[in-house]
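Student: Let me begin by handing over the structure; questions about it come next.
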Amino acid sequence: MKPIPGKTYSLFLIWEFLKVFFISVVFILGLSFIVRTLQGIESWKAYSISQILIMRLLEAPGIISRETLLASSMFASVYTMSNLTQNREILALRSCGVSIYKIISPLIILGFVICIFSLLFEDHIVVRSILIKDRYFAKVRGVKPQDLYRDRNNVIVFGENNIIYKIDTYLSKTMEMKGVMLISKNNDGNIVYRIDAERAQWNGKGWIFYNGVLRKFDKNGAIAERKVFIDLETDIADDPQYLGRDTRNLENMTLKEGYKYTKMMKKMGFDYKRVLTKYNRKIAHSVTLFLVIIIGLTLGSMPFRNALVISFSMTLGIILVFFFIIEIGYTFGSSGKIPPVIGGWLGNIVFLFICVFLLRRQRV
């Protein structure tokens, strides 16, 4: 027995879903543009129509990914199934012995495709469009674009392999440390060597120290060797990004950049739980689309008189509940009351149980 119905029905069902889905995306996108334009109507007077249009187009990928996909997925799934149920098409298929699971299977597969698309779209399109928009916005205002990493003063950084940096000034653009003291410890906490240098430069593979002193210590903590150097090439390969501070929010980083950022925050002893919760929520957002589509399909298969009104009401209610659960997960995950991973995925965990419950209640 095939796990999905015939090709004709599958294409028909997918087409009905996609029609409503894309109309919802365009409607919410247009509504968002109108609201944003009205909110910033005074500031937009300084720009030409073409400049405003370009900036709005550069904002579009982020709005689509973060504001339209969730509501559009939910609405399209509920409305499509409600409409088919109202027209008795679902009843005709079930009277022929086709289970409800088999009927909705094409849209479940489509939901998985939308989930993967959302993750890739956010990582490769949205993040890049936000960066381009910020640079273009700075250009039209006649100011210098903000660098991705900012300089830092009087900073202490915990690096790899029990290395501690104390830096007077770190220059992100040139990847250079000035007034640096480096201490390397063994697993017992004893100092192995110490480097005091006027500056240090990243060469792409490791750090080179200039104009300083290298001291090596024995097991008793006494100086075993002292060496004055003009330049000292080392195999210390701590990423310069650990020393600079990223100017972007975690939401505007790729998954790879976000992972490195959370790792850096933990290593430096900062409040990484809040960042780690956000990072997990960033990944979980795409999976949410898959879950809300399943919830919408199961709810939509119930008989309703007015598919449009019920679909809108259910979408609004489900989205509000979901954001409430997300906020709870973020609050408890950031404070450490629950693990950050669970905090970031709490909404999906709750929705997963709802999906299982609704699917089990469907009559075969």
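Student: Taking only pairs six or more apart or across chains, which ones have beta-carbon atoms under 8 Å, a first residue in region 199-211 that is not assigned by TED's automatic domain parsing to the domain that holds ILE167, and a second residue that is buried (at least 18 other Cβ atoms within 10 Å of the Cβ)?
Tutor: Close Cβ pairs (under 8 Å, with a partner that is buried (at least 18 other Cβ atoms within 10 Å of the Cβ)) do not exist here.
Student: Give me the residue from region 122-160 that is among the polar types (S, T, N, Q) and touching a residue at least 40 places away in the same chain (Cβ under 8 Å) and, out of that set, farthest from ARG66 (Cα to Cα).
Tutor: GLN146
Student: Regarding region 148-162, can at least one residue be identified that is within 23 Å of the chain's Cα centre (by Cα) and either under 20 Å from GLY206 (Cα atoms) or among the hydroxyl-bearing types (Ser, Thr, Tyr) (or both)?
Tutor: yes
Student: Among the residues of region 75-102 satisfying the criterion of being modelled with pLDDT under 70 and assigned to a helix (DSSP H, G or I), which is surrounded by the fewest Cβ atoms within 10 Å (Cβ to Cβ)?
Tutor: SER95
Student: With the requirement that a residue be within 28 Å of ILE283 (Cα to Cα) and surrounded by fewer than 15 Cβ atoms within 10 Å (Cβ to Cβ), what does region 126-147 give you?
Tutor: The answer is ARG128, ILE132, ARG135, GLN146, ASP147.
Student: Across region 168-184, what is the number of residues that are assigned to a loop (DSSP other than H, G, I, E, B) and surrounded by fewer than 18 Cβ atoms within 10 Å (Cβ to Cβ)?
Tutor: The number of residues fulfilling the criteria is 2.
Student: Just to check your reading of the model, which residue among ALA284, ALA224, ALA237 is out of contact with any strand residue (DSSP E or B) (no Cβ under 8 Å at 6 or more places or on another chain) and of a type in the set (Gly, Ala, Ser)?
Tutor: ALA284
Student: Something else: So MET264 passes all but one of these: (1) surrounded by fewer than 18 Cβ atoms within 10 Å (Cβ to Cβ); (2) modelled with pLDDT under 80; (3) closer than 25 Å to VAL127 by Cβ. Which condition number does it fail?
Tutor: Among (1) surrounded by fewer than 18 Cβ atoms within 10 Å (Cβ to Cβ); (2) modelled with pLDDT under 80; (3) closer than 25 Å to VAL127 by Cβ, MET264 violates only (1).
Student: Here's a follow-up. Just name the residue that is farthest from GLY296 (Cα to Cα) out of those in region 332-364 that are free of Cβ contacts under 8 Å to residues at least 24 places away in the same chain and either crowded, with 22+ Cβ neighbours inside 10 Å or of a type in the set (Val, Ile, Thr) (or both).
Tutor: Per the stated criteria, the residue is ILE338.
Student: Among the residues of region 240-247, is there at least one that is closer than 26 Å to ARG150 by Cα, among the aromatic types (Phe, Trp, Tyr) and in a loop (DSSP other than H, G, I, E, B)?
Tutor: no
Student: Next question. Residues that are modelled with pLDDT of 85 or more and surrounded by fewer than 16 Cβ atoms within 10 Å (Cβ to Cβ): does region 103-112 have at least one?
Tutor: Yes, that holds for at least one residue.
The values are calculated or read from the model by the stated rules, or taken from the named source; none is laboratory data. Just so you know, these numbers come straight off a predicted model, no measurement behind them. With ideal geometry, Cβ positions are generated from the backbone for all residues, glycine too; neighbour counts draw on all protein chains shown.
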